[in-house]
Amino acid sequence: MRDNFKIAWRNLWRNRRRTLITASSVFFAVFFAIIMRSYQLGTYDHMISNVIESYTGHLQIQHPEYQNNPQIDNSFDFNDSLFLLISNVENVVSVTPHLEFFALASNGPQTKGVAILGIDPAREKTFSNPENKLVRYRITDEALLEMTQSGTFPASVLKKLQENKDRSYSSRARLELELGLAITETEKYIPEIIRFCQVQNGFLNEDDNGILVSDRLARYLKAEIGDTIILIGQGYQGASAAGLFPVKGIIKMPAPDLDNRLIMMTIPAAQKFLDAPGKITSVSINLTDRSTRTIKKGLDRINKLMEGMGTTVKTWYELNPVLYQQIQGDSQSGMVMLGVLYFIIFFGIFGTVIMMVAERKKEFGVLISIGMQKTRLKRIISMEMAMLGLLGLAGGMLAAVPFILYFFYNPIVLKGDLGKMMEDMGWDAVMPAKWFGPYYYIQALIVVIMILLATLYPLRKINKLKEVEALRS
Amino acid sequence: MKILELKNVNKIYDGSEVPVHAVRDVTLEFEEGEFAAIVGPSGSGKTTLLNLIGGLDMPTSGEIIIDGVNLAKLKPSQLIDFRLRNIGFVFQSYNLIPVLTARENVEFIMSLQKWPRKERDARTYELLKAVGLEERMNSRPSKLSGGQQQRVAVARALAPKPKFILADEPTANLDSKAASNLLEIMEKLNREEKITFIFSTHDPRVVKKARRVIALEDGRVFSDEKIQSVND
């Protein structure tokens with residue numbers, strides 16, 4: 001074994017340049033595949049976290065007609081005993097009732113069609129936790145003017161503040177992320193920026209009659225905290241619904257699509273507005289993870305639990321097929337690209353193997369002539385191939401580690417046209433890397449398969465090798 | 001003592017349009033400790049005969065029996081193992097393993113035979129000293145001259161104490177000084193280790209040293225002459 005390893009290792013470096021080129025091609029393929037996949041999957045996770053886990057839930061209980069006809073008439077009764085039953089289902093981490101409907105919102109001359117979400121503020125904390133989404137900082141014209149006049153900030157910081165004008169942030173971390181200041185600048189200026197940009201905000205009580213307005217919608221309606229919004233819509237069973245609602249808080253929804261049109265109020269307030277006492281339109285359920293297996297298991301159990309109650313249980317991909325298909329399409333195109341990349345790399349490796357076999361045919365003949373069994377020679381060649389693959393594979397996987405770590409904690413924030421384009425598509429323009437997972441280890445499997453396939457060629461050649469012919473070559 | 005016997009051996013290559021009868025009806029016997037040269041013009045079948053004796057190729061008809069074992073009866077893996085334990089090879093173009101040093105090349109067959117480390121080291125040193133290369137034992141083949149490489153090849157072939165050594169034109173790529181040096185070493189080892197040497201050659205200096213000369217012509221044994229050496 002030791003002798004085999006020694007010969008294989010030395011053989012590997014006989015043609016140093018070729019070995020380095022081949023190992024480098026594997027290195028770059030693995031490195032780029034991991035980085036690319038990490039961004040793709042990280043971005044999907046971010047989208048799902050923003051849209052699914054904070055809004056629809058992994059599973060949702062609805063009236064059977066609600067998805068095709070989302071009217072308040074397609075609602076159902078909900079009570080605490082049902083809440084407890086669902087909460088006790090295996091893998092369920094949060095259960096939140098929602099009363100969702102559409103209405104016209106108006107503030108002075110500004111009017112817009114909005115989505116209204118009736119929530120239970122206490123239970124919502126375990127789901128989307130809207131309190132965490134309250135706008136805490138906003139870079140307004142006034143704040144910018146004051147910061148410029150204060151003389152505290154250097155031009156570079158002011159430039160970045162200017163670039164982020166009119167943006168709102170629900171946390172200091174997000175403010176730091178989007179400003180993208182250098183570490184020293186962050187430490188020095190963020191406390192000052194916070195002082196100038198801080199905004200007062202409020203939240204809903206259990207039986208509050210106020211509303212939370214999403215940031216972009218509030219700006220469209222030119223609504224501030226304390227203003228009163230008029231809501232007009234259709235109530236339960238054809239009743240007309242209208243009401244005045246004071247703005248208690250502004251929330252920053254990470255998904256721009258929601259941020260443009262969402263109003264939250266308590267379920268009792270919504271039921272009163274719609275004249276639909278005890279009714280809700282959905283129960284959103286988040287599970288421990290969103291793997292197909294867990295979702296399928298949860299779906300089956302909750303379906304069984306809700307049997308005969310006039311409801312249906314839907315998965316997040318049924319509830320948001322557009323997002324699901326976007327993710328699937330993007331993921332598949334990414335995999336096709338990786339497939340092409342690995343295909344090219346495979347032929348690079350295969351070319352090296354063909355050359356290696358052609359160059360060493362005589363040597364193989366000598367080794368077998370003097371008494372080396374073909375099985376041992378095949379073992380040495382396999383070791384050599386494994387080392388070649390391993391060099392590139394280990395290098396690529398290790399080199400990707402710092403990138404994944406850095407961009408997991410410091411996601412890329414897309415700015416300018418690209419960022420705007422993503423936001424217009426309803427996505428948060430943030431690209432975090434995904435933490436290590438199967439996508440990371442699967443690259444090793446792909447390289448191992450490639451190396452195994454490429455190794456078949458020399459093994460077959462050795463099997464068929466005739467000593468005399470090899471010695472003559 | 002008879003160690004090698006060829007009985008009516010024929011080899012016909014029928015790969016090309018016209019079949020080539022490379023070895024015709026060869027019947028020979030070799031005794032232990034012989035120092036035999038197979039001579040003949042190019043294409044006379046010297047290398048083919050050596051390949052057949054070494055079990056690198058199989059005769060079309062006839063039998064090759066080494067130490068009572070008929071090579072044709074062995075499976076391919078048994079044949080490789082038989083070669084490992086009984087036959088040493090010296091090739092015209094040395095054919096050392098380029099990634100191993102002179103010492104490792106000599107040790108190689110012994111390690112395939114699983115000799116204990118100590119015995120392997122002692123035998124390697126003894127042989128490299130015998131071929132005058134103990135100072136260059138840690139050099140790779142690329143750092144050795146042609147003559148030095150061929151001396152390592154002889155040491156490698158001798159290392160596991162085979163029944164006989166087959167050398168195909170061992171001096172063909174060497175200058176006269178290196179060739180005569182190699183011949184002296186081979187002769188000395190033949191005398192001291194009692195190992196049979198069978199070599200094909202064109203080289204008259206090699207023929208002069210041989211104690212048996214087998215001449216081939218068109219694949220047939222033309223003459224088989226035993227020469228009484230001064231030492232005998």
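The values are calculated or read from the model by the stated rules, or taken from the named source; none is laboratory data. Just so you know, these numbers come straight off a predicted model, no measurement behind them. Note that each Cβ is placed from the backbone with ideal geometry, even for glycine, and that neighbours are counted across all protein chains shown. Remember, those area values only see protein heavy atoms, side chains included, never the ligands or the DNA or RNA. Shrake-Rupley method; radii C 1.70, N 1.55, O 1.52, S 1.80 Å.
Select from segment B:94-109 the residues that are in contact with a helix residue (DSSP H, G or I) (Cβ under 6 Å, 6 or more places away or on another chain) and within 8 Å of chain A (Cβ to nearest Cβ) and list them in ascending order. Don't jump to the end; show me each part of the working.
Looking only at segment B:94-109, we keep the residues that are in contact with a helix residue (DSSP H, G or I) (Cβ under 6 Å, 6 or more places away or on another chain), and these are B:94-99, B:102-103, B:105-107.
Residues satisfying the conditions are B:Asn95, B:Ile97, B:Pro98, B:Val99.
I'd like the full set of residues that are more than 9 Å from every other protein chain (Cβ to nearest Cβ) and either among the aliphatic types (A, V, I, L, M) or part of a helix (DSSP H, G or I) (or both), limited to segment B:62-93.
The first filter runs over segment B:62-93 and keeps only residues more than 9 Å from every other protein chain (Cβ to nearest Cβ), leaving B:62-75, B:78-79, B:86, B:90, B:92.
Those that are more than 9 Å from every other protein chain (Cβ to nearest Cβ) and either among the aliphatic types (A, V, I, L, M) or part of a helix (DSSP H, G or I) (or both): B:Ile64, B:Ile65, B:Ile66, B:Val69, B:Leu71, B:Ala72, B:Lys73, B:Leu74, B:Gln78, B:Leu79, B:Asn86, B:Val90.
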Answer from A:Ile349, A:Ile381 - the residue that is more than 30 Å from B:Ile165 (Cβ to Cβ), touching a residue at least 60 places away in the same chain (Cβ under 8 Å) and buried (at least 20 other Cβ atoms within 10 Å of the Cβ): A:Ile349
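Name the one entry in B:Thr48, B:Thr60 that is open to solvent by 50 Å² or more (accessible area, probe 1.4 Å) and among the hydroxyl-bearing types (Ser, Thr, Tyr). Steps first, answer last, please.
Numbers: B:Thr48 fails: open to solvent by 50 Å² or more (accessible area, probe 1.4 Å).
The unique qualifying residue is B:Thr60.
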Residues that are farther than 30 Å from A:Ile7 by Cβ, crowded, with 21+ Cβ neighbours inside 10 Å, β-branched (Val, Ile, Thr) and touching a helix residue (DSSP H, G or I) at 6+ places or on another chain (Cβ under 8 Å): does segment B:199-222 have at least one? yes
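Condition test on A:Ser87, is it small (Gly, Ala, Ser) and in contact (Cβ under 8 Å) with a residue 12 or more places away in the chain? I'd like the intermediate steps shown before the answer.
Numbers: small (Gly, Ala, Ser): yes; in contact (Cβ under 8 Å) with a residue 12 or more places away in the chain: no.
Spelling it out, it is not the case that A:Ser87 is small (Gly, Ala, Ser) and in contact (Cβ under 8 Å) with a residue 12 or more places away in the chain.
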The condition from (1) charged (D, E, K, R); (2) surrounded by fewer than 16 Cβ atoms within 10 Å (Cβ to Cβ); (3) in contact with a helix residue (DSSP H, G or I) (Cβ under 7 Å, 6 or more places away or on another chain); (4) touching a residue at least 40 places away in the same chain (Cβ under 8 Å) that A:Arg138 misses is numbered (2)
Could you go through segment A:37-44 and let me know if any residue there is more than 14 Å from chain B (Cβ to nearest Cβ) and surrounded by fewer than 21 Cβ atoms within 10 Å (Cβ to Cβ). yes
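State the number of residues belonging to segment B:44-61 that are assigned to a loop (DSSP other than H, G, I, E, B) and more than 9 Å from chain A (Cβ to nearest Cβ).
5
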The lone condition A:Val353 fails out of (1) out of contact with any Pro (no Cβ under 8 Å at 6 or more places or on another chain); (2) at pLDDT below 95; (3) more than 14 Å from chain B (Cβ to nearest Cβ) is (1)
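Looking only at segment B:1-31, filter to residues that are among the acidic types (Asp, Glu) and at pLDDT 90 or above; which one of those is least open to solvent (accessible area, probe 1.4 Å)?
Going residue by residue through segment B:1-31, those that are among the acidic types (Asp, Glu) are B:5, B:14, B:17, B:25, B:29, B:31.
Then drop every residue that is not at pLDDT 90 or above, which leaves B:5, B:25, B:29, B:31.
Values: B:Glu5: 31, B:Asp25: 83, B:Glu29: 86, B:Glu31: 64 Å².
Looking at the filtered set, the residue picked out is B:Glu5.
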Give the number of residues within segment A:5-30 that are open to solvent by less than 40 Å² (accessible area, probe 1.4 Å) and at the interface with another protein chain (Cβ under 10 Å from one of its Cβ atoms). 4
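Would you check if B:Leu112 is over 15 Å from A:Ser369 (Cβ atoms), within 13 Å of chain A (Cβ to nearest Cβ) and either open to solvent by less than 20 Å² (accessible area, probe 1.4 Å) or modelled with pLDDT under 95 (or both)?
Against the criterion (over 15 Å from A:Ser369 (Cβ atoms), within 13 Å of chain A (Cβ to nearest Cβ) and either open to solvent by less than 20 Å² (accessible area, probe 1.4 Å) or modelled with pLDDT under 95 (or both)), B:Leu112 does not qualify.
Answer yes or no as to whether A:Gly371 is within 14 Å of chain B (Cβ to nearest Cβ), among the small types (Gly, Ala, Ser), without any contact (Cβ under 8 Å) to a residue 40 or more places away in the chain and farther than 30 Å from A:Pro70 by Cα.
Considered against the rule, which asks whether it is within 14 Å of chain B (Cβ to nearest Cβ), among the small types (Gly, Ala, Ser), without any contact (Cβ under 8 Å) to a residue 40 or more places away in the chain and farther than 30 Å from A:Pro70 by Cα, A:Gly371 comes out as yes.
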Which one is modelled with the lowest pLDDT among residues in segment A:80-120 that are outside any strand (DSSP E or B) and over 26 Å from A:Asn303 (Cα atoms)? A:Gly108
Mind listing just one residue for me: the one in segment A:154-192 that is touching a residue at least 40 places away in the same chain (Cβ under 8 Å) and outside any helix (DSSP H, G or I) and, of those, farthest from the chain's Cα centre (by Cα)? A:Asp166
